[in-house]
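Accompanying notes for the structure given below.
The values are calculated or read from the model by the stated rules, or taken from the named source; none is laboratory data. Computed from a prediction, not measured in an experiment: that's the story for all the values here. With ideal geometry, Cβ positions are generated from the backbone for all residues, glycine too; neighbour counts draw on all protein chains shown.
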Amino acid sequence: MSAEVVNEIQRILRKDLLLGSDRPILPDATLAEVGLDSLAIINLITALEAAYHVEIAEKVQIAQPALKLREIAALVENSPRVNSATPRPAIAAHAFPPLGHRIELLENEFAGRGPLRATTWAVLRLVWPWLAALFTPPAEYVLLERPLANPAPIHVPIPPDVELRTYSPTDRDALEELWPLYLARNAGSKVDLWLSTGARADVAVQGRRIVGLSIVSATGEPGEVVVEPARRACWGIYLREAPDARGRGIGIALLAQSLAESQARGFSAQMSSVRVNNAPMLLATTQLLGFRPIGRATRMRILGVTRWSWEVQGRPGKGSKLVL
């Protein structure tokens, strides 16, 4: 373990997270003993990644209050280095929900960057929706559940210029800015379908812009997910932030608000899914909002037919819909 890394951890803790405190911070102290909550632990990890140009893959496992500072230092030293001289995409892959995923990165890479790339993007933009309808490779999800008995859902602070409120039909046109042009029609149609079946929605508003959207249903997702009534649970269908609004806690604040609303409506739990490789969202939902993993599911589409396979609390299943 490098003393330099430990010193840097201590410096970050004192300067950025403990407001300049000069009390002793020992290498064998746990994060809980230092006084960090889950959000502060996330911030510490992010700061260390930036300082040492590393990528800490075990983000979910590391966010545990029982870890010691020296264990964090060892993890930093053993994490793969990121070549800071290599430009990264302006938008990280893990930031996207399933509806956007790879094509948004392709748009970021190709659109408006020379004749050849622009032509490539024009072709991809036309054929991608058709290809996605015919075939979608297997995607793995962690299935999550948040019990809504005491303690009450956590309030997550949001930027002062952002307001969270219930979605109104007059917001429909303003939703278009949440998606790139090639996705707007399809995504908007799905939102209309979900709301027509009784789902509720909240939006995050900044000025005149809608920068976030959360949708929760009492019954599941039409054509995809069924929540058995006996569970007395609702299903988080969709969570989306505008690309330029990500990283400010808006999506997590919307999710926290949906938990409070679900509790007020008498649901015993709120369920949802997160892609296995979306470590930041898994970390935020489990460590900040109290969700717990209850199983895994895999979804794929072949020739327009969706197939699910899953295991929930030891119960396996397969079918055209995920049944919870």
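Of everything in the range 278-324, what is loosely packed, with under 14 Cβ neighbours inside 10 Å and either under 28 Å from Leu44 (Cβ atoms) or not hydroxyl-bearing (Ser, Thr, Tyr) (or both)? Give them in sequence order. Lay out the reasoning, then the answer.
Our first condition is that a residue be loosely packed, with under 14 Cβ neighbours inside 10 Å; within the range 278-324, this holds for 292, 302-305, 313-316, 318-320.
The answer is Arg292, Ile302, Leu303, Gly304, Val305, Gln313, Gly314, Arg315, Pro316, Lys318, Gly319.
List the strands (runs of 3 or more DSSP E) that sit entirely inside the range 148-242 and contain at least 1 residues that are of a type in the set (Asp, Glu). Don't jump to the end; show me each part of the working.
Details: elements: 162-166, 200-206, 209-217, 233-241.
Those strands (runs of 3 or more DSSP E) span 162-166, 200-206, 233-241.
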With criteria (1) out of contact with any helix residue (DSSP H, G or I) (no Cβ under 6 Å at 6 or more places or on another chain); (2) surrounded by 11 or more Cβ atoms within 10 Å (Cβ to Cβ); (3) at pLDDT 85 or above, Pro159 comes up short on (3)
Inspect all residues belonging to the range 293-308 and state whether any of them is in contact (Cβ under 8 Å) with a residue 24 or more places away in the chain, assigned by TED's automatic domain parsing to the domain that holds Leu193 and under 30 Å from Val162 (Cβ atoms).
yes
Checking the structure you have, find out if any residue of the range 236-247 is under 12 Å from the mean Cα position of the chain (by Cα), surrounded by fewer than 17 Cβ atoms within 10 Å (Cβ to Cβ) and small (Gly, Ala, Ser).
yes
So if I check each of Val216, Val274, which one is surrounded by 22 or more Cβ atoms within 10 Å (Cβ to Cβ), at pLDDT below 95, among the β-branched types (Val, Ile, Thr) and closer than 30 Å to Arg315 by Cβ?
Val274
